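Novice: Below you'll find the structure I mean.
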Amino acid sequence: MFDRDLWREIFQSINMNRTRSLLSGFTVAFAISLFAILFGIVNGLVNTFDSAFADDASNSIFVQSGMTSKASNGLQAGRRIQFKNEDQAWIKEEFGDKVQYITSRVYLNVIATFRNEKSNYSIRAVNPDHQYLENTKVTYGRYVNESDIKNKTKVVVIGRLVEEDLFLKTTAIGKYINLNGIQYKVVGVFSDDGGDNEERLIYMPISTAQQIYGNNDYVDQINLTYNPEMNFDAAIGFSNLLTKKMKDRFMVSQNDQRAIRVRNLANESKAINQFTFILGFLVLVIGFGTLIAGIVGISNMMIFIVKERTKEIGIRKALGASPKSIVSIILLESILVTIIAGFVGLVIGMGVVEFAGPFLEKYFIKDPSVSLSIVVGAAITLILAGAIAGYLPAKKASRIKPIVALRDD
Amino acid sequence: MLKINKLHKSYPIGDSSLHVLKGIDLSVEAGEMVAIMGSSGSGKSTLLNIIGMLDEADEGEYILDNVPIKNLTEKKAAIYRNKFLGFIFQSFNLINYKNALDNVALPLYYQGLKRKERIEKGLFHLEKVGLKDWAHHLPNELSGGQKQRVAIARALAADPKLLLADEPTGALDTKTSHEIMDFIQSLNDEGKTILMVTHEEDIASMCKRIVRLKDGVIIEDTFVEQVRASQYV
């Protein structure tokens, strides 16, 4: 196989039959680059959807309160429902294992200052579990913890962009930030995949906010995640039961849609999962389709090449070529053409994905990319398939009687 | 040199079969120059193909240079063809994408010779047929006579014991035919054994022995006075 003369023969044959080599190479290069491009586009679509829903944990349930819209239990419509700390504790107690993480939220708006820098920010006063619910990534320092809640410490965890805005190029950890006239110590900086708005937030312990800004135990919203071992139906059942029990607890009519609102992300993530599944299926179909098209192309090419070279094979056999040498010369030539063309197709396909990628974001295609290993795998599959598809005609050609091949027609 | 006993060959045609060779006995000594003649369908090409191991007989005995040629595997046939035989075809059968030198050197490649040696030998044989200056030309840049001379150089390259020619002048005009025959005669003068199939009487008369076939049997086998082709050139 590593006989130099054999390769010389093969290169001569490729070089002197350029049209044939280019045509068969084109089939392969086209299949591989198409494979890479389509794969990249679908990956880009998947990325778009992944990042659109990366903000919150996909098993989140949000419980919000409002005004009653219907009279019930002798109470008039238009009553304001207010959650308190005890409601969070009650949910945890009532549902136990079904709740994975739970936190309450109090919303505030503040003017924050540090030295000469000043700006408006939203504050979320939360429990420690909030970090997992919101997929908050603490870049350095720490998040709000239980001891903060207990001691009502004046600490904050600020977003990456808050640090950028107020602390300019310096680090914020350990420094004191002024929120509406009260000094808070910065104990952590976080980042969030949910976008710039999520990174312009400030987190503080909920107990601190309740004491300083209202001296009550009011809560604006309760967020929780259900046990991820629950399947879709169980999750929906859980949130329905939660809704019902909350309505009973606050003496709200069961068909009042405004007073207590429960939003379960399982409903949304189910649709997303289905969509991602269909995209994945599409990837498979596209992959198989292009590969099969490529394999059929190569097989056709091989049959054509053997047909075209029948006379040459006859001459070679009359001059003393063994069947083995005939098979190897035909097969190695086609494998060589396939490898070179496969490489060209790989470079073109990945190049297109790489360079066109940034311009495609407005078409919902984010960072389209193909892993090199997948494309190389596809190329190897194609080469192997080409070799197998080429072996049969080559074997057949090696059995041609020279007398048949040399017949003048 | 070559001995054939009761050789039979038939080809299947639909349900029946066509009996082409019906018991051929032929023996050729080293240094002979034999013309096999006959009308088309007489079996002369089939006989030549069997002698050239391009085809196999159904029945009978064929001994070439004391080696019985029988039940050959493809591989063995390839080795024997390479070692014993040189072919000259009516339509030259050069490989069109290889230049004259590469065509001549091809049998040497299958003998496993080194490239340097192949080029050396190839050039030597091209010089012998007077085409050394054309070594790097492709076949389609050569005239018919030149192509046939390249083919002859290729047939000689592996130094075969027996040269087989199938209508070697069939595609050439009279003048070129005579040049080629003159060259083949000179090879025979040097001692090469030559077997050729032809249907032209004047070409046959330039051999030393004429074997006539009709309907698959030899009807005449005579030694003749060789007409030298050089007188026409």
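Computed from the coordinates by the stated procedures, all read-outs in this text should not be read as laboratory data. It should be emphasised that the depicted structure is a prediction, and the values quoted were computed from it without experimental measurement. Every residue, glycine as well, gets a Cβ built from its backbone with ideal geometry; the counts of neighbours run over all protein chains shown.
Novice: State the antiparallel share, in %, of DSSP beta bridges confined to the protein assembly as shown, rounding to the nearest 5.
Specialist: 70 percent
Novice: Follow-up. Each residue of segment B:86-91 in turn: what ³J(HN,Hα) in whole Hz from Karplus with 6.51, -1.76, 1.60 and θ = phi - 60°, glycine and Pro shown as x?
Specialist: Whole-Hz 3J(HN,Hα) from phi for segment B:86-91: x, 9, 10, 10, 4, 9.
Novice: Hey, what's the Cα Rg ratio for segment B:71-139 versus the globular rule of thumb, 2.2 N^0.38 Å?
Specialist: Against the compact-globule rule of thumb, the ratio is 1.19.
Novice: Evaluate the distance, in nm, between pseudo-label points positioned 7 Å from the Cα of B:Y11 and of B:Y232 along their respective Cα→Cβ axes.
Specialist: 2.9 nm
Novice: Please arrange A:R20, A:R4, A:R316 by how many other C-beta atoms lie within 10 Å of their C-beta, fewest to most.
Specialist: A:R4, A:R20, A:R316
Novice: Roughly how big is the protein assembly as shown's charge dipole about its Cα centre, with Cβ charges of +1 (Lys, Arg) and -1 (Asp, Glu), in debye to the nearest 20?
Specialist: For this selection, approximately 1260 debye.
Novice: Right, another one. Let me have the relative contact order for chain A, percent, based on Cα pairs under 8 Å that are six or more residues apart.
Specialist: Normalised by residue count, the contact order of chain A is 28 percent.
Novice: In units of 2.2 N^0.38 Å, what is the alpha-carbon radius of gyration of segment A:85-142?
Specialist: 1.50
Novice: Hey, how many Å between the Cα centroid of segment A:128-204 and the Cα centroid of segment B:68-102?
Specialist: About 86 Å separates the Cα centre of segment A:128-204 from the one of segment B:68-102.
Novice: Then there's this: Would you mind working out the magnitude of the charge dipole of segment A:82-249 relative to its Cα centre, with +1 at each Lys and Arg C-beta and -1 at each Asp and Glu C-beta, to the nearest 20 Debye?
Specialist: Charge dipole of segment A:82-249: 600 debye, to the nearest 20.
Novice: Which order do peptides A:303-309, A:353-359 fall in by mean Cβ count within 10 Å, highest first?
Specialist: Ranking the peptides A:303-309, A:353-359 by packing returns A:303-309, A:353-359.
Novice: What are the equivalent ellipsoid semi-axes of the protein assembly as shown, built from the alpha-carbon gyration tensor (square roots of five times its eigenvalues), in whole angstrom, biggest first?
Specialist: Output for the protein assembly as shown: semi-axes of 96, 26, 17 Å.
Novice: Let me ask another. Hey, what angle do you get for helix A:232-249 against the long axis of chain A, alpha-carbon based, 0 to 90 degrees rounded to 10?
Specialist: Result, in degrees: 10.
Novice: Let me ask something additional. Can you give me the angle between helix B:174-189 and the longest principal axis of chain B, using Cα atoms only, in degrees from 0 to 90, rounded to the nearest 10?
Specialist: 80 degrees
Novice: Once the piece of chain linking A:S369 and A:I292 is laid out straight, how much longer is it, given 0.36 nm per residue of separation minus the C-alpha distance between them?
Specialist: 25.5 nm
Novice: Please give me the summed charge of the neighbours of A:G78: other residues whose Cβ is under 11 Å from its Cβ, Lys and Arg +1, Asp and Glu -1.
Specialist: Taking every Cβ under 11 Å from that of A:G78, the sum is +4.
Novice: So, one more: With respect to the cross-link table entries B:K75/B:K132; A:K137/A:K245; A:K137/A:K185; A:K84/A:K118; B:K3/B:K75; B:K175/B:K214, which display a Cα-Cα separation exceeding 26 Å?
Specialist: Cα-Cα > 26 Å for B:K75/B:K132; A:K137/A:K245; A:K84/A:K118; B:K175/B:K214; rest within.
Novice: Add -39500 (n - 2.57) for each DSSP H run of 4 or more in the protein assembly as shown, then divide by its residues: what number comes out at 222 nm, to the nearest 500 deg cm²/dmol?
Specialist: -15500 deg cm²/dmol
Novice: If we count other beta carbons within 10 Å of each Cβ, what is the order of A:M204, B:M37, fewest first?
Specialist: If I rank by nearby Cβ atoms, fewest first, I get B:M37, A:M204.
Novice: Could you work out the relative contact order of segment B:2-231? I mean the mean sequence separation of Cα pairs under 8 Å and 6+ apart, divided by the number of residues, in percent.
Specialist: Relative CO of segment B:2-231 lands at 28 percent.
Novice: Sort out for me the Cα centre separation of segment B:20-48 from segment B:149-164, rounded to whole Å.
Specialist: If we compute the Cα centre of each part, the gap is 20 Å.
Novice: Considering the alpha-carbon set of chain B alone, what are its Rg and its Dmax in angstrom?
Specialist: 17.6, 54
Novice: Excluding B:S39 itself, what net charge comes from residues whose Cβ is under 15 Å from its Cβ, given Lys and Arg +1 and Asp and Glu -1?
Specialist: -2
Novice: So, one more: Counting other C-beta atoms within 10 Å, which of A:T48, A:T27 has the fewest, and how do the rest follow?
Specialist: In order of increasing Cβ crowding within 10 Å: A:T48, A:T27.
Novice: Using Cα atoms only, what is the angle between the long axis of helix A:372-399 and the major principal axis of chain A, expressed in degrees (0 to 90) to the nearest 10?
Specialist: 20 degrees
Novice: Let me ask you something else. Sticking with the crude label model, points 7 Å out along Cα→Cβ, report the distance from A:L22 to A:D248 in nm, one decimal please.
Specialist: For the pair A:L22/A:D248, the computed spacing is 8.1 nm.
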